[in-house]
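Only one structure is covered here, and it is reproduced in the block below.
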Amino acid sequence: MKKIALVGNPNVGKSTIFNALTKSKEHTGNWTGKTVEVSSSIFKYKDEEYQIYDLPGTYSLRSNSKEEEVARDFISFHDVDITVVILDASLLERNLNLALQVLEITNKVIVVLNLMDEAKKEVDIDLKKLESYLNVDVIGMSAKNKKDLNHLKETIYHFKERSGYTFSYPRDVKHLVEFLDFKLDDWAKIRLLENDYEWIDKILLKYHIKKDVYLNKKLELLEEGYDADKFTLTMYKYFSSLCFFIASKVVKVKKTTSRKIDKILTHKVYGFIILFFFLLLILWITLSLSSYPTNLLLSFFTYLENKIFIKEFFFSNFFKSVFHVVTFVVSVMTPPMAIFFPLFSYLEELGFLPRIAFNLDACFKKCKSCGKQSLTMMMGLGCNAVGVMGARIMDSKKERLLSILTNVFMPCNGRFPTLITIFIMFFSFFNSNLFVSLLLALTIIFCILITLFISKLLSLTILKKDKSTFLLELPKFRKPNIISILKTSFLDKTLKVLKKAVKASFLAGIIIFVFSNVKINGNSLLIISSNLLDPFGHLLGVDGPILLALLLSFPANEIILPSLLMIYLNQNSLEVLGNDAIKEIFIMHGWDIKEAICFLILLLFHFPCATTLSIIHSEVKSIKWTFLSILIPLTVGILLAFFVNIIM
Amino acid sequence: MKETLFVDKSLFYVFKKTITYNIMGDSMYLDECVLEKEYKIKDMKDFPLKLRLFELGFLKGATIKPILESPFKNPRAYLIKGSVFALRNEDAHFISVIE
């Protein structure tokens with residue numbers, strides 16, 4: 001089986017090509033840093049079978065971000081049969097750099113210029129000429145086009161190694177390379193002279209060169225006035241100018257893109273108004289479209305339940321209770337997700353998100369973080385687990401930790417339904433979806449402010465060291481493909497999150513069953529523990545059942561409300577009720593505006609749910625930070641609720 | 001002019017300063033540039049983003065144009081070789097340009 005590696009710039013449609021070739025469903029989006037791990041899959045063409053690897057998007061193999069490291073190690077040390085370098089045709093000048101750096105290492109390369117149809121509007125690219133310059137196969141394509149994909153497959157199928165680009169390095173580089181008389185390719189020698197010491201160690205290890213031999217050589221060079229940093233700089237400049245030289249021969253610019261929309265989006269006043277408007281719009285659409293399917297699903301599941309549990313059977317109570325929890329979570333969660341995710345993906349593919357990061361960077365800078373954090377926060381709006389994973393786009397370790405630790409401050413989709421119900425019951429002075437979405441938008445802004453405040457606090461205390469930098473590309477706006485958005489956001493995001501939620505709610509169902517059915521002295525565990533929590537709850541302006549419900553919803557945030565009702569009604573299974581009935585129950589248990597606010601605060605700021613927590617742990621790989629990710633939001637929630645309880 | 005020069009040392013200083021100003025006249029830092037005007041990169045000091053910027057085309061002689069300003073005036077976005085990058089002003093201050 002032949003090994004194929006896909007390398008390419010971020011946001012160039014690499015994952016789209018990978019998906020099209022292998023028919024898998026990796027998520028794609030219009031901003032950098034989607035794939036950090038190498039995903040691999042198999043595809044067949046005619047009689048050949050290929051193992052294909054999707055490497056993280058990079059601009060070069062030389063810099064030192066995590067993605068670049070992964071891609072670079074893969075290309076230099078795995079014996080890849082064909083490396084397919086995918087470049088953005090409309091930005092060839094810059095992106096050729098990557099192709100050249102890959103060509104330096106291997107000649108088994110196919111250069112693919114993607115997004116040709118878009119590029120054609122702005123530039124003329126002479127593919128033949130480029131091919132003669134680079135001396136490897138060059139093809140132009142657009143990943144959405146089936147014919148182009150077949151062309152790519154054909155090229156891969158008939159691939160033959162060619163001589164590749166002949167590099168003529170500057171004289172002093174050549175001189176130094178000749179001086180290093182190891183049995184190595186030129187590229188490896190050059191790397192040994194550069195200042196990326198981690199990579200040097202890897203090369204020495206791979207080619208069995210003793211470190212002291214290498215260091216002795218280097219010492220000799222140092223005496224002659226060689227300087228690793230200067231050498232690296234020379235190489236950077238060499239590659240950059242080479243790439244601009246070739247591009248200038250191959251590319252003719254027809255028309256430059258206008259940035260008029262950007263002018264409005266980043267305007268002093270309109271920028272933020274538009275931002276707020278979009279937030280409101282998304283929430284409003286989600287809200288108004290999701291209540292009907294939710295009710296439909298609920299009644300469908302009730303119907304199903306009556307059919308299944310028509311006769312008593314062994315453990316039927318247990319199964320009924322679990323079934324109840326799971327179906328409730330599914331019906332409350334699915335519709336908002338199925339609407340929110342595509343809307344969000346649309347903005348994402350459009351290229352709207354980097355503009356938000358650009359607008360908000362100043363606020364984040366004040367808090368010693370950078371604007372990219374706003375991107376992870378927006379992902380957190382969908383699901384905190386996704387947001388935590390998205391923190392990989394942050395450049396420095398400190399910023400990454402910051403955005404992981406504070407991500408849970410963004411109310412995720414799982415908390416939306418509860419938020420909305422409380423809003424409708426206690427704060428809906430105007431009975432309209434728009435007003436509720438306005439409240440929701442304001443809540444989100446409040447959460448953003450808290451996030452900023454906590455980020456600042458953290459970087460003043462435990463995350464002091466690094467200074468943050470900000471370098472972000474604002475890509476051109478791209479017209480999103482609506483069908484593919486619907487497909488990927490449903491298959492990839494909605495179903496994925498739903499699967500997790502079903503698992504979590506299954507667990508929650510079991511816990512709830514145990515709590516409500518195990519009885520000591522005639523009182524269920526539920527009652528006993530809620531009585532235990534009661535005094536503490538009163539300190540925070542709420543009561544014991546609320547605290548217990550928050551604890552019980554650790555597997556999945558969605559079940560807070562139903563488990564709260566269950567405790568209030570002293571039942572042993574969840575019950576589905578209308579808003580008015582719920583409100584009546586709440587008021588019977590002494591709820592007022594103050595208690596509702598305290599509940600909302602605790603709902604917004606408690607601990608991450610089980611899924612998020614496990615992902616946090618796998619991302620930071622440290623018990624200390626995982627523990628802090630629980631402690632920080634919990635402290636904030638308790639302090640805020642306590643404060644509200646005192647002043648109101 | 002020459003006569004006064006020998007008489008008064010402080011005047012000499014002023015004179016010297018005008019000359020430096022004239023030679024360096026159009027050299028400035030990227031963060032001081034005016035929007036929608038084209039500049040050429042002259043030099044870049046050492047700072048963490050330097051190598052990254054090299055690869056993105058921030059080379060000596062490259063044409064660069066500040067095109068966007070975020071609502072708080074910082075960061076700003078620059079058009080270079082057909083793509084747009086946002087840079088904070090403190091980072092842009094490491095890059096000197098000429099008109």
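What helices (runs of 4 or more DSSP H) completely inside region A:467-565 contain at least 2 residues that are of a type in the set (Asp, Glu) and within 30 Å of A:Phe319 (Cβ to Cβ)?
none
I'd like the residue in region A:224-255 that is small (Gly, Ala, Ser) and more than 9 Å from chain B (Cβ to nearest Cβ) and, out of all such residues, is nearest to B:Ala86 (Cα to Cα).
Only one residue tops the list, namely A:Ser248.
For a quick check of your reading of the model, give me the residue pairs whose first member lies in region B:45-64 and is within 12 Å of B:Val97 (Cα to Cα) and within 7 Å of another protein chain (Cβ to nearest Cβ), whose second is of a type in the set (Gly, Ala, Ser) and surrounded by fewer than 18 Cβ atoms within 10 Å (Cβ to Cβ), with beta-carbon atoms closer than 7 Å and at least 6 apart or on different chains.
Listed pairs, sorted by first residue: B:Leu59/A:Ser241.
Of the residues B:Tyr78, B:Tyr29, which single one is crowded, with 19+ Cβ neighbours inside 10 Å, more than 9 Å from chain A (Cβ to nearest Cβ) and under 14 Å from the mean Cα position of the chain (by Cα)?
Numbers: B:Tyr29 fails: crowded, with 19+ Cβ neighbours inside 10 Å.
Selected residue: B:Tyr78, the only one of B:Tyr78, B:Tyr29 that is crowded, with 19+ Cβ neighbours inside 10 Å, more than 9 Å from chain A (Cβ to nearest Cβ) and under 14 Å from the mean Cα position of the chain (by Cα).
On the basis of being touching a helix residue (DSSP H, G or I) at 6+ places or on another chain (Cβ under 8 Å) and not aromatic (Phe, Trp, Tyr), does A:Ser241 make the cut?
No, not satisfied.
I'm trying to understand the selection: among the residues of region A:451-466, which are in a helix (DSSP H, G or I), touching a residue at least 24 places away in the same chain (Cβ under 8 Å) and either surrounded by 14 or more Cβ atoms within 10 Å (Cβ to Cβ) or within 14 Å of another protein chain (Cβ to nearest Cβ) (or both)?
Selection gives A:Thr451, A:Leu452, A:Phe453, A:Ile454, A:Ser455, A:Lys456, A:Leu458, A:Ser459.
Could you tell me whether region A:80-99 includes any residue that is more than 14 Å from chain B (Cβ to nearest Cβ) and either free of Cβ contacts under 8 Å to residues at least 12 places away in the same chain or under 17 Å from A:Glu194 (Cβ atoms) (or both)?
Looking for residues that are more than 14 Å from chain B (Cβ to nearest Cβ) and either free of Cβ contacts under 8 Å to residues at least 12 places away in the same chain or under 17 Å from A:Glu194 (Cβ atoms) (or both), one finds none in region A:80-99, hence no.
Out of the strands (runs of 3 or more DSSP E) lying entirely within region A:95-174, which hold 2 or more residues that are more than 24 Å from A:Asn481 (Cβ to Cβ)? Working first, answer last.
Details: elements: A:109-114, A:123-125, A:137-140.
Correct list: A:109-114, A:137-140.
For A:Leu628, which of the numbered conditions (1) closer than 30 Å to A:Asn523 by Cβ; (2) buried (at least 18 other Cβ atoms within 10 Å of the Cβ) fails to hold?
(1)
What pairs come up if the first residue lies in region A:184-202 and is touching a residue at least 60 places away in the same chain (Cβ under 8 Å), the second is assigned to a helix (DSSP H, G or I) and basic (Lys, Arg), and their beta carbons are under 6 Å apart, counting only those six or more places apart or on different chains?
A:Trp199/A:Arg191
For region A:40-75, enumerate the residues that are over 28 Å from B:Phe85 (Cα atoms) and free of Cβ contacts under 8 Å to residues at least 60 places away in the same chain.
Those that are over 28 Å from B:Phe85 (Cα atoms) and free of Cβ contacts under 8 Å to residues at least 60 places away in the same chain: A:Ser40, A:Ser41, A:Ile42, A:Phe43, A:Lys44, A:Asp47, A:Glu49, A:Gln51, A:Ile52, A:Tyr53.
Any idea which of A:Val576, A:Val518 is touching a helix residue (DSSP H, G or I) at 6+ places or on another chain (Cβ under 7 Å), loosely packed, with under 13 Cβ neighbours inside 10 Å and at pLDDT below 90?
Among A:Val576, A:Val518, only A:Val518 is touching a helix residue (DSSP H, G or I) at 6+ places or on another chain (Cβ under 7 Å), loosely packed, with under 13 Cβ neighbours inside 10 Å and at pLDDT below 90.
If you scan region A:266-286, which residues turn out to be of a type outside the set (A, V, I, L, M, F, W, C) and in a loop (DSSP other than H, G, I, E, B)?
Scanning region A:266-286 gives A:Thr266, A:His267, A:Lys268.
When you scan region A:436-466, how many residues do you find that are out of contact with any helix residue (DSSP H, G or I) (no Cβ under 8 Å at 6 or more places or on another chain), farther than 14 Å from A:Leu279 by Cα and modelled with pLDDT of 90 or more?
3
So which residues in region B:81-93 are among the aliphatic types (A, V, I, L, M), within 7 Å of chain A (Cβ to nearest Cβ) and touching a residue at least 24 places away in the same chain (Cβ under 8 Å), if there are any at all?
Within region B:81-93, just B:Leu87 meets the criteria.
Which of the following residues is of a type in the set (D, E, K, R), at pLDDT 90 or above and either touching a His at 6+ places or on another chain (Cβ under 7 Å) or not in a helix (DSSP H, G or I) (or both): B:Lys40, B:Lys60, B:Lys73?
None of the others qualify; the one that does is B:Lys40.
Need pairs with beta-carbon distance below 6 Å; first residue within 8 Å of chain B (Cβ to nearest Cβ) and within region A:256-277, second assigned to a loop (DSSP other than H, G, I, E, B) and at pLDDT 85 or above; sequence gap 6+ or separate chains.
A:Thr266/B:Ser70; A:Lys268/B:Pro71; A:Gly271/B:Pro71
Yes/no matrix, rows are residues, columns are (1) within 15 Å of A:Gly382 (Cβ to Cβ); (2) buried (at least 24 other Cβ atoms within 10 Å of the Cβ):
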{"position": "A:Ser316", "(1), (2)": "no, no"}
{"position": "A:Ser321", "(1), (2)": "no, no"}
{"position": "A:Thr327", "(1), (2)": "no, no"}
{"position": "A:Ala338", "(1), (2)": "yes, no"}
{"position": "A:Arg355", "(1), (2)": "no, yes"}
{"position": "A:Leu360", "(1), (2)": "no, yes"}
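If I ask for residues that are hydrophobic (A, V, I, L, M, F, W, C) and either buried (at least 20 other Cβ atoms within 10 Å of the Cβ) or touching a Phe, Trp or Tyr at 6+ places or on another chain (Cβ under 6 Å) (or both), which ones from region B:86-99 would you list?
Within region B:86-99, B:Ala86, B:Leu87, B:Ala92, B:Phe94, B:Ile95, B:Val97 meet the criteria.
Under 8 Å between Cβ atoms, which residue pairs at least 6 apart in sequence (or on different chains) link something in region A:305-325 that is of a type in the set (Asp, Glu) with a partner that is part of a helix (DSSP H, G or I)?
Within 8 Å, the pairs are A:Glu305/A:Lys320; A:Glu305/A:Phe323; A:Glu305/A:His324; A:Glu305/A:Thr327.
The values are calculated or read from the model by the stated rules, or taken from the named source; none is laboratory data. What you are looking at is a predicted structure, and each value in this text was computed from that prediction instead of being measured. Ideal geometry is used to build each Cβ from the backbone, glycine not excepted, and the neighbour counts take in all protein chains shown.
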